[in-house]
Structures are given as structure tokens and as C-alpha cells.
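Everything below concerns the one structure shown next.
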Amino acid sequence: MNSTTAKPSHNLWPHAIIAWFVIFAAAMAAWIAVAVRQNMDLVRSDYYEEEVRFQQQLDRLNRTAAISSEVTLDYDASKQELTLRLPTAHLAPRPVGRVHFYRPSDAALDFQVPLAIDAGGLQRIGTSTLRGGLWKVRMQWSVADHDYFCEQTLVVDEAERSIAPVTRTK
């Protein structure tokens with residue numbers, strides 16, 4: 001028999017479309033697997049509580065801005081002591097707080113001193129134990145249910161045992 005029947009041609013489009021969807025589904029599954037394994041922790045475990053504390057710190061800074069020129073920190077090289085002065089309006093009732101000496105390069109040198117303002121609004125703190133270098137002195141105090149905060153950056157020159165203010169932050 002001599003019949004000229006043509007072989008049916010195979011259309012590749014259905015196979016290509018199915019292959020495309022299989023590849024797409026595999027790529028999406030791989031992307032989802034990678035996304036699920038990513039560590040999505042916040043910066044801190046107590047992120048929201050820290051945000052509330054940060055807002056309280058901003059409130060302290062805003063209250064202190066009005067009196068920042070009256071809060072001083074002076075160094076007497078001959079006596080090797082810092083003199084802290086608070087405004088006279090903050091002397092009654094007696095302020096409660098702390099003075100924190102922060103050493104950015106060595107946390108082991110950090111220390112705190114309780115705020116002990118005398119009747120004249122002064123507190124003297126000995127500095128003979130301070131090592132040379134950068135220090136941040138952070139003062140935090142409360143008066144009449146209002147909190148205040150002031151920070152001053154100091155550089156202790158070991159050779160001359162003198163302190164020079166670098167910057168003052170409200």
C-alpha cells in the first residue's frame with residue numbers, strides 16, 4: 001500500500017508551558033525556603049520597652065535644654081577634681097541622681113558617683129584615678145518629679161593631667 005500519510009507532528013508548546021510552571025514553582029519554593037530561614041529578630045529582644053525608655057530620655061533632654069547654660073562641669077588641675085554645678089532652682093527639694101563616667105574605649109573603666117549637691121549647688125568629684133583619654137560625663141537627676149540629663153565630653157591629657165572640654169551635648 002502506497003499511502004502518503006503524514007506523520008502527526010508533535011507540538012512542543014504544551015510541554016514548554018508545563019515545564020515553565022514547574023520551574024517557576026520550584027524557584028518560588030526555593031525562595032520561600034530561604035526567606036523562612038532568615039533571622040528576623042529585632043535589634044533588641046526588648047525593642048518596644050527600649051523605645052519607651054528612649055522617649056523618656058528625649059523628654060529629659062527637652063527639659064534640660066532650657067537650663068543647659070546653668071549646668072556646668074569644671075576641672076581644677078591643681079586639685080585634680082571636677083566641680084559640678086546645678087541651677088539654684090534645682091536645690092530645693094534636694095536633687096537625686098547620679099554622675100556616670102563613661103569610657104568609650106574601655107568599659108572596665110566606667111564608674112558612677114551618686115549625685116551629692118551641697119547647699120551652694122556644687123559637687124566636687126576627685127579625678128586622680130581617671131586615665132588619660134576620652135571620657136563622657138553623664139549627669140542624670142530628678143527634682144520635683146521631673147527628670148533631667150546632661151552629657152559633656154572630656155579629654156584627659158595624661159601628660160599634663162588636664163581636661164579640655166571637647167563638645168557639650170544637651
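Read-outs: derived from the displayed coordinates by stated rules, not from any lab. Remember, it's a predicted structure, so these values are computed and weren't measured experimentally. Here Cβ is always computed from backbone atoms with ideal geometry, including for glycine, and neighbour counts include all displayed protein chains.
Brief remarks follow.
- Sequence of HIS15, HIS10, HIS146 once ranked by neighbouring C-beta atoms within 10 Å, starting from the fewest: HIS10, HIS15, HIS146
- Ranking of TYR48, TYR148, TYR75, TYR102 by count of other Cβ atoms within 10 Å, fewest first: TYR48, TYR102, TYR75, TYR148
- Relative exposure of SER9, SER142, judged by other C-beta atoms within 10 Å (fewest first): SER9, SER142
- Net lengthening on full extension, SER128/ALA35 (0.36 nm per residue, minus Cα-Cα): 28.0 nm
- Gained length - HIS10 relative to ALA144, 0.36 nm times residue gap less alpha-carbon distance: 39.2 nm
- Measuring how big the stretch 47-169 is from its alpha-carbon positions, Rg and Dmax come out at 14.8, 47 Å.
- Residues in the stretch 85-95 carry Karplus couplings, in order, of 10, 10, x, 5, 5, 9, 8, 10, x, 4, x Hz; the curve used is 6.51 cos²θ - 1.76 cosθ + 1.60 with θ = phi - 60°, and Gly or Pro positions show x.
- For the pair the stretch 85-139 and the stretch 63-82, the centres of their Cα atoms are 9 angstrom apart.
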